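**Student:** Below you'll find the structure I mean.
The values are calculated or read from the model by the stated rules, or taken from the named source; none is laboratory data. Given the structure is predicted, the values throughout are model-derived calculations rather than measurements. Neighbour counts are summed over all protein chains in view; Cβ atoms, including those assigned to glycine, are modelled from backbone coordinates with ideal geometry.
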Amino acid sequence: MYGGVPGMSTASAKPSVLFVCVHNAGRSQMAAAYLAHLAGDRIEVRSAGSAPAESVNPAAVAAMLEEGIDMSAATPRVLTTEAVQESDVVITMGCGDVCPVFPGKRYEDWVLDDPAGKGVDAVRPIRDEIRARIEALIDEIAPAR
């Protein structure tokens, strides 16, 4: 067991996390951006959606920019079986997505409000909740040495 991630041994590469929501335009993008920003190269980060939007939610981009994280170049991606297979931790964002299930993976569902159609003021509390969960996840699977 490496850093509390099922299926990871101490000889394995760094842990990997996949964030999934339907449109891959808000919650999962914010979570991926925070994890990449806060964990650096200690964790491999992916995000995807079952029905990806054309672009990332502009209010989510603006809310993250307030935190010094620019995710304006991010693009929604389609969820693939390979992305799930290659990830140690799969986190869905309270949107009822059905992911392929593979033994030895850790699955979590983070119930979060959907930022779709909301302004920056409404997105900030969602962003802050995501950051708190990301910080706890990092401490659990890849604590600072």
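**Student:** Looking at segment 90-115, which of its residues are on the phi < 0 side of the Ramachandran plot and either of a type in the set (Ser, Thr, Tyr) or surrounded by fewer than 17 Cβ atoms within 10 Å (Cβ to Cβ) (or both)? Give the steps one after another, and end with the answer.
**Tutor:** Keep residues of segment 90-115 that are on the phi < 0 side of the Ramachandran plot, which gives 90-93, 95, 97-103, 105-115.
Across segment 90-115, the qualifying residues are 92, 98, 100, 101, 102, 103, 107, 108, 109, 111, 113.
**Student:** Still on this structure, I have one more. Filter segment 63-89 down to the residues that are touching a residue at least 60 places away in the same chain (Cβ under 8 Å), farther than 21 Å from residue 117 by Cβ and surrounded by 15 or more Cβ atoms within 10 Å (Cβ to Cβ) and list them by number.
**Tutor:** 67, 83, 84, 87, 88, 89, listed by residue number.
Per-residue answers, yes or no, for (1) closer than 17 Å to residue 125 by Cα; (2) of a type in the set (Ser, Thr, Tyr); (3) at pLDDT below 95; (4) assigned to a helix (DSSP H, G or I):
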| position | (1), (2), (3), (4) |
| --- | --- |
| 30 | yes, no, no, yes |
| 33 | yes, no, no, yes |
| 37 | no, no, no, yes |
| 41 | no, no, yes, yes |
| 67 | yes, no, no, no |
| 72 | no, yes, no, no |
| 76 | no, no, no, no |
| 97 | no, no, yes, no |
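**Student:** Follow-up. Might you check whether a residue that is of a type in the set (A, V, I, L, M, F, W, C), modelled with pLDDT of 95 or more, touching a Leu at 6+ places or on another chain (Cβ under 7 Å) and in a helix (DSSP H, G or I) occurs anywhere in segment 114-121?
**Tutor:** Residues of segment 114-121 that are of a type in the set (A, V, I, L, M, F, W, C), as a first pass: 116, 120.
Imposing the further condition that a residue be modelled with pLDDT of 95 or more reduces the set to 120.
After this cut, where a residue has to be touching a Leu at 6+ places or on another chain (Cβ under 7 Å) as well, the list is none.
Looking for residues that are of a type in the set (A, V, I, L, M, F, W, C), modelled with pLDDT of 95 or more, touching a Leu at 6+ places or on another chain (Cβ under 7 Å) and in a helix (DSSP H, G or I), one finds none in segment 114-121, hence no.
**Student:** Pairs only if they're at least six apart or on different chains, beta carbon under 7 angstrom, first in segment 91-118 and within 19 Å of residue 129 (Cα to Cα) and among the charged types (D, E, K, R), second part of a loop (DSSP other than H, G, I, E, B) and at pLDDT 95 or above; list them, first residue then second.
**Tutor:** Close Cβ pairs satisfying both conditions: 114/26.
**Student:** Can you pull out every residue in segment 27-43 that is within 15 Å of residue 112 (Cβ to Cβ) and of a type in the set (A, V, I, L, M)?
**Tutor:** Of segment 27-43, the ones within 15 Å of residue 112 (Cβ to Cβ) are 27-35.
Matches in segment 27-43: 30, 31, 32, 33, 35.
**Student:** Of all the residues that make up segment 127-145, how many are surrounded by 14 or more Cβ atoms within 10 Å (Cβ to Cβ) and under 13 Å from the mean Cα position of the chain (by Cα)?
**Tutor:** Applying the first criterion (surrounded by 14 or more Cβ atoms within 10 Å (Cβ to Cβ)) to segment 127-145 yields 127, 129-131, 133-135, 137-138, 140-142.
Still in the running and under 13 Å from the mean Cα position of the chain (by Cα): 127, 129-131, 133-135, 137-138.
Summing the residues that are surrounded by 14 or more Cβ atoms within 10 Å (Cβ to Cβ) and under 13 Å from the mean Cα position of the chain (by Cα) in segment 127-145 gives 9.
**Student:** I need a count of the residues in segment 44-62 that are at pLDDT below 95 and either under 12 Å from residue 117 (Cα atoms) or assigned to a helix (DSSP H, G or I) (or both).
**Tutor:** The total comes to 0.
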